[in-house]
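Single-structure report; data block below.
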Amino acid sequence: DTGVSQDPRHKITKRGQNVTFRCDPISEHNRLYWYRQTLGQGPEFLTYFQNEAQLEKSRLLSDRFSAERPKGSFSTLEIQRTEQGDSAMYLCASTAMGGPGELFFGEGSRLTVL
Amino acid sequence: GENVEQHPSTLSVQEGDSAVIKCTYSDSASNYFPWYKQELGKRPQLIIDIRSNVGEKKDQRIAVTLNKTAKHFSLHITETQPEDSAVYFCAASVSGGYNKLIFGAGTRLAVHP
C-alpha cells in the first residue's frame, strides 16, 4: 500500500498522559498536513509542513500540541498532558508540490482520553 | 475568520433521485474547492474539485457548480445509488493559495432503495 499511513490507529489513554502519533506520507509528497476531526464535524486544520518546515500552525492549537517533520519525510504529532477534549480522530494528509491538488488522507489515529 | 458553511446537515433521498449539497465560503481569495466523500470508518476521499476559473465541472453522475460572486458552490449527484450513502464534505482553500483547506461540517446522505 503506497498511500498515507498512520500509526497507531487507535489510542486510549488516561487524562494527563502524553501521546504521539506518526504519519508516513506518500513518498514523493512534499506537503504534509495534520487535521483533527470530531464526531459530526469536518476535518479541522491543525498544522502544515512543506518539506521539513512547519509553515503554519492553527491558533486553535494549544502549546500542549507539537508536530515535527525532521527529515521532510514522516511526521509526528505529540499531545502532552492530554485532556478529555483532545478525544478525536487525528488525520494526516499529504500532497505534491505545485498548484492545487488532492489531499490524500490517511485512515487516521483515533484518540480516546479517559 | 475563514469559514465554510454547508447545508443540509442530513439528506435522505430515494434511489434514482438527485441530491444537492450547498456550501458558502467567506474568504474571497479562495480559489480551489474540492468535495470529499467519507464512508463510515474510512478516510475522506476526493470525488471532484473545481478551480475558480471554472463555473461548472462534471464527472459522470457528479457535478459541481461555483458562483464566485456569491461565494457559493454546490455538489449535484444525479441518479443516486445506495453506495452514494456517506458523509460529504465541501472545502475551500484559504490565504489565496493552495496550502490549506477549510472544511464544511459535512452532509450525511442516505440513499434508500
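Please go through region A:44-71 and give me each residue that is at the interface with chain B (Cβ under 10 Å from one of its Cβ atoms), in contact with a strand residue (DSSP E or B) (Cβ under 7 Å, 6 or more places away or on another chain) and under 17 Å from B:GLY1 (Cα atoms), ordered by number.
Selection gives A:GLU44, A:PHE45, A:THR47, A:GLU56, A:SER58.
Count, please, the residues in region B:64-113 that happen to be among the acidic types (Asp, Glu) and free of Cβ contacts under 8 Å to residues at least 60 places away in the same chain.
1
If you scan region A:1-43, which residues turn out to be touching a residue at least 24 places away in the same chain (Cβ under 8 Å) and of a type in the set (Gly, Ala, Ser)?
Those that are touching a residue at least 24 places away in the same chain (Cβ under 8 Å) and of a type in the set (Gly, Ala, Ser): A:GLY3, A:SER5, A:GLY16, A:SER27.
Would you mention how many residues in region B:54-84 are surrounded by fewer than 19 Cβ atoms within 10 Å (Cβ to Cβ), over 21 Å from B:ASN3 (Cα atoms) and either of a type in the set (S, T, N, Q) or touching a Pro at 6+ places or on another chain (Cβ under 6 Å) (or both)?
Counting residues in region B:54-84 that are surrounded by fewer than 19 Cβ atoms within 10 Å (Cβ to Cβ), over 21 Å from B:ASN3 (Cα atoms) and either of a type in the set (S, T, N, Q) or touching a Pro at 6+ places or on another chain (Cβ under 6 Å) (or both) gives 4.
Residues checked against (1) surrounded by 13 or more Cβ atoms within 10 Å (Cβ to Cβ); (2) over 14 Å from the mean Cα position of the chain (by Cα); (3) under 19 Å from B:GLN45 (Cα atoms):
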| position | (1), (2), (3) |
| --- | --- |
| A:GLY3 | yes, yes, yes |
| A:ARG31 | yes, no, yes |
| A:PHE49 | yes, no, no |
| A:SER58 | yes, no, no |
| A:PHE65 | yes, no, no |
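Can you tell me which residue among B:ARG51, B:ARG43, B:ARG61 is in contact (Cβ under 8 Å) with a residue 12 or more places away in the chain and within 14 Å of another protein chain (Cβ to nearest Cβ)?
B:ARG51
Between A:GLY42, A:GLY72, which is buried (at least 18 other Cβ atoms within 10 Å of the Cβ) and in a loop (DSSP other than H, G, I, E, B)?
The match here is A:GLY42.
Any read-out appearing in this document is the output of simple, stated calculations on the displayed coordinates, not a laboratory observation. Note that the structure is a prediction, hence the values are computed from the model and not measured. Positions of Cβ are generated from backbone atoms using ideal geometry, with glycine treated the same way; all protein chains shown enter the neighbour counts.
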